Amino acid sequence: MEYIAYFFIVVGLIFFLGTSIGLLRFPDFYTRMHAAGKGDTLSTVLILVGCIFAVGNQGDLNWILALKILLIINFVFIGSPTATHAMMDVGERAGAKPWNKKGENK
Amino acid sequence: MNSFITIAGVTLIGLMLLVLIRVIKGPTVIDRLVAVNVIGTKSIVLLLFSGILFGQLDMFVDIALGYGLLNFIVSIAASRYYQHRKSLEQKGKTS
Amino acid sequence: MEDIIPKFNYIVVVVLMMTGLWSMLAQGNLIKKCIGMAIFQTGIILFFISIGAKNDALIPILTEGANHTFDNPNIDKVTNPLTQILMLTAIVVGVATLGVGLALAQKVYQQHDSFDEDEILNNQTK
Amino acid sequence: MADLPIWHYDTLFLTLALLFGITALAMQNLMGAAIVFGAYSFLMCLIWTTMGAVDVAFTEAAVGAGVSTVFIFATIYNTGVSATPNSPRIAFKIFAGLIAFGTGAFLLSALPDFPDWGDPKSPVNSTIAPYYIANSITDAHVPNIVTTVLADYRGFDTLLETTVVFIACIAIYSILRIDNAKSKVTEPDIITSPPAYDPTDSLIIRQASRIMVPFMQLFALYVIAHGHYSPGGGFQGGVILGASIILLSISFDLKHVLQQWTEKKIMILTALGVLIYAMVGLACILMDGVYLDYAALDSVLPGDEAYARSHGILLVEIGVGITVMFSMIGIYINLASNGRFDRGL
C-alpha cells in the first residue's frame, strides 16, 4: 500500500516539475497556459490519489477520508479547467499575441 | 512515511519557487494569474501533506475541500474584469 | 545567530508590519494603501499565532490517542486556542474593514476622478 | 510535526510569504498587485496550518480565496484605474522609509525580552489557556476547543466582533449606496455595460458554477453544523456561503442574483444574525442565568447542562453565519455596482 502511495506522489511531482519548467521557459502566454492547465491539474490529481493510499494503515483504507479526498479531486477536476478556460478566453479577448518563430513576442 | 512526505513537501515548495519567479517576472497580468492559480492548486496538496505530518488528516481535509471549492473564483472574477475592460496593459487612466 | 533563530518569527513580524506601514505612508495610490493595511494586519496576526504555537504540539481539537486522552489532555501538547480565536475573528473583521476602505476609495474616485493623492490635493487647491 | 522543531519547516514559508508581500506592494499594475496579494494569502494559510492553527487557516482560506481579492477587483473595475502613475515623491518616500525603519528598529530592540518561538511555558501559554484546554470537554462536550472559547467562554467578544462586521456593512451602505431615481452623480465610465445575457459569455463558466454552487452551500452548512468536532464554525461557513453567492453573481449577472436576494432581504437578514445571537443571550437571562451562559437553557434544550452549552454554541454559530454571509454579499454588491444595485463585475 505504501509503495502505491510513493509511486503516485513521485509521478505527480515529476508532472509538476514539467509544469513549473514549462511555466518558466515557454515563450508566450498560450503555451504557458498549456503547461499550467494540463500539468497542474494532472499532478494535483495524482498526488491526491497518492494521499488516499498514504493515509490508509496496514493495507486498509480510511474510507471517509478517501471519500473526501475523492470529492476534492472531483472539484479540482471541475474547477481548474474552468479557470484555465476563463483565462484563455481573457487572453484571446485582450489580444495577447501568439509567439512565432522569429521571436517577435509583441 | 513521514520523512518521505517531508521530502516531497520540500520539493513541492522548491518547485513553487520556480512558479514564483513567473509571478514576479510575468510580463502581463494574465501570466501572473496563471502562476497564482497553480500556486493555489498546490496549496491544497501542501495542506494535505501537513495534515499527514501532524497525523490528523481528518481535521485538515476539510480545509483542503474548502480550497478546492473556492480556488477558481479569483480566476473567473479576473476573466470577467478583462471581458468588460478589454485591455491588458493600460497605461494611466482610462477615463 | 544562535539567538536569532529561535526568535525568527518576531523578525518576520516586524518586517511585515513595517512593509505595510511604509506602504500606507509612502504609496500615493489608495488601493495600494488598502493592500498595505492588509499586510500590516497579517503581520499582527502572525505575531499572535506564533506566540501561541508550541513545539511538537497538536492542533487544538482533542482526539483520542496521540499523547493524551480525550478527557485529560496533555496541556503542553495542545496549541494555545486563545490567541487563535482572537485572530479568527480579526481576519473576518479585517476583510470587512478592507471593504470599508475600498468603499471610501471608490467614493474619493467619484469625486476627484483619481486615486493618486497628489492629484487629489491638486484638484482641491484649484 | 514529527520530531522537527517548529522553525525548521516554517522558516521556508515565512521567507516565501515575505517575498510575496513585498512583490505585491512593488507591483505597478493594480490588478497584478491584487492577484499577488491573493497568492500571499494562500501562503499565509499554509503558515497558519504548520503552526497548528487550523481554524484560522480555514478562515484565511475562505476569505483569501473567496472574497478579499474579489473585493479589490470590484473596486478596480468600477474605477477603471489599472496602472499607477509614477509619482515623483522620492524625498517623501525616503522619509517614510526612515520612519518605518526607525519604528522597526525600536520594536526589534525588545527582541531579547520575548520568549522563544514554541516555548510551552511562555507567559501567554500559561495563564488562562490551560484552563480552556483542560475543561472544554467537561464543560461543553465539544472537542474543538476553539469553538468553545469562541462562542462560550468568550461569547461577549464574539458578539461584539459580529456587531463590528454588521456595522462595517452598514458603513459601506451609507458611504456608497445611491438611490438611482434621485442620483445627481454622473454615470461612471463603464465602457461596455453588458446585457443580462451577453451572447459572448462563456457557457462553460456558467455550467461549471451551476454545478459548484450547490456543493459549496452544502459544504458551508456542514462546516457550520460540524464546527464542534472539526475545524469550522459560523465565520468560515458564513464566508463560504457568501462566496457562493458572489460566484453566482460573477458568472451570471448581478441582476440575476438581485432578483432573488433583493436589497431589503439582504439588509434584514444581516441584522437578523446579530439579533439571533443577542436573543440567545437574553433567553439565558429569562431562564435565570447570566447573559450568554447557555447552561441556563438546560430545561429547553435536550441533554444535561454540558449538552445545553453545546447546543447553545450551535445556535450562536448559526447567527454568526447568517450575519457574515449577508454582510459579505452586501459589501460585494455595493462595491461591484458602485452603490447602484443594478449591474456589476
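The values are calculated or read from the model by the stated rules, or taken from the named source; none is laboratory data. Nothing here was measured: the structure is a model prediction, and the numbers come from that model. Cβ sites come from the backbone with ideal geometry, for glycine too, and all protein chains shown count toward neighbours.
C:GLN27 meets each of the listed conditions (1) at the interface with another protein chain (Cβ under 7 Å from one of its Cβ atoms); (2) modelled with pLDDT under 85; (3) buried (at least 22 other Cβ atoms within 10 Å of the Cβ) apart from (1). Given the structure, is C:LEU121 assigned to a helix (DSSP H, G or I), more than 8 Å from chain D (Cβ to nearest Cβ) and more than 30 Å from D:ALA129 (Cβ to Cβ)? Yes. Among the residues making up segment A:1-25, a single one is over 13 Å from the mean Cα position of the chain (by Cα) and of a type in the set (Gly, Ala, Ser): A:ALA5. Inspection of segment D:15-30 finds no residue satisfying the criterion of being of a type in the set (S, T, N, Q), assigned to a helix (DSSP H, G or I), touching a residue at least 12 places away in the same chain (Cβ under 8 Å) and at the interface with chain C (Cβ under 9 Å from one of its Cβ atoms).
Looking across segment D:279-288, the residues that are surrounded by fewer than 17 Cβ atoms within 10 Å (Cβ to Cβ) and out of contact with any Phe, Trp or Tyr (no Cβ under 6 Å at 6 or more places or on another chain) come down to D:MET279, D:LEU282, D:LEU286, D:MET287, D:ASP288. Looking across C:ASP56, C:ASP116, one residue alone is at pLDDT below 85, touching a Lys or Arg at 6+ places or on another chain (Cβ under 9 Å), surrounded by fewer than 21 Cβ atoms within 10 Å (Cβ to Cβ) and within 7 Å of chain D (Cβ to nearest Cβ). It is C:ASP56. Within segment D:293-320, the set of residues being over 30 Å from D:GLU263 (Cβ atoms), assigned to a helix (DSSP H, G or I) and not small (Gly, Ala, Ser) comprises D:TYR294, D:LEU297, D:ASP298, D:GLU305, D:TYR307, D:ARG309, D:HIS311, D:ILE313. Check whether at least one residue in segment D:321-330 is without any contact (Cβ under 8 Å) to a residue 60 or more places away in the chain and either of a type in the set (A, V, I, L, M, F, W, C) or in a helix (DSSP H, G or I) (or both), and report yes or no. No, segment D:321-330 contains no residue that is without any contact (Cβ under 8 Å) to a residue 60 or more places away in the chain and either of a type in the set (A, V, I, L, M, F, W, C) or in a helix (DSSP H, G or I) (or both).
Can you name every residue in segment C:30-50 that is under 9 Å from the mean Cα position of the chain (by Cα) and within 8 Å of another protein chain (Cβ to nearest Cβ)? Scanning segment C:30-50 gives C:ALA38, C:ILE39, C:THR42, C:ILE45, C:LEU46.
One line per residue, one yes/no per condition, for (1) touching a residue at least 40 places away in the same chain (Cβ under 8 Å); (2) over 30 Å from D:PRO143 (Cβ atoms):
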| position | (1), (2) |
| --- | --- |
| D:GLY238 | yes, no |
| D:ILE250 | yes, yes |
| D:ASP253 | yes, yes |
| D:LEU258 | yes, yes |
| D:THR262 | no, yes |
| D:ILE268 | no, yes |
| D:GLY273 | yes, no |
| D:ALA278 | yes, no |
| D:ILE285 | no, no |
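Being surrounded by fewer than 24 Cβ atoms within 10 Å (Cβ to Cβ), under 24 Å from D:ALA62 (Cβ atoms) and at pLDDT below 90 is true of C:LEU62. Within segment B:13-28, residues that are more than 10 Å from B:ILE39 (Cα to Cα) and within 9 Å of chain A (Cβ to nearest Cβ) have Cβ atoms under 7 Å from residues that are part of a helix (DSSP H, G or I) and at pLDDT below 85 in these pairs: B:THR28/A:PHE29, counting only partners at least 6 apart in sequence or on another chain. Put simply, of B:LEU69, B:LEU48, B:LEU53 the only residue that is of a type outside the set (Phe, Trp, Tyr), touching a residue at least 24 places away in the same chain (Cβ under 8 Å) and in a helix (DSSP H, G or I) is B:LEU53. Does B:GLY40 satisfy the criteria of being more than 7 Å from chain A (Cβ to nearest Cβ) and closer than 30 Å to A:LEU67 by Cβ? Yes; evaluated as a whole, the condition is true for this residue.
Residues are listed down the side, and each one gets a yes or a no for (1) facing chain C (nearest Cβ under 9 Å); (2) surrounded by fewer than 21 Cβ atoms within 10 Å (Cβ to Cβ):
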{"residue": "D:LEU43", "(1), (2)": "no, no"}
{"residue": "D:ASP55", "(1), (2)": "yes, no"}
{"residue": "D:VAL67", "(1), (2)": "yes, no"}
{"residue": "D:PRO112", "(1), (2)": "yes, yes"}
{"residue": "D:TRP117", "(1), (2)": "yes, no"}
{"residue": "D:THR127", "(1), (2)": "yes, yes"}
{"residue": "D:ASN135", "(1), (2)": "no, yes"}
{"residue": "D:ARG154", "(1), (2)": "yes, yes"}
{"residue": "D:ASP157", "(1), (2)": "yes, yes"}
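Among the residues making up segment D:295-318, those that are under 30 Å from D:LEU248 (Cα atoms) and crowded, with 24+ Cβ neighbours inside 10 Å are D:VAL316, D:GLU317. Taking segment A:9-51 on its own, how many of its residues are of a type in the set (A, V, I, L, M, F, W, C) and either surrounded by 21 or more Cβ atoms within 10 Å (Cβ to Cβ) or in contact with a Phe, Trp or Tyr (Cβ under 7 Å, 6 or more places away or on another chain) (or both)? So the answer is 14.
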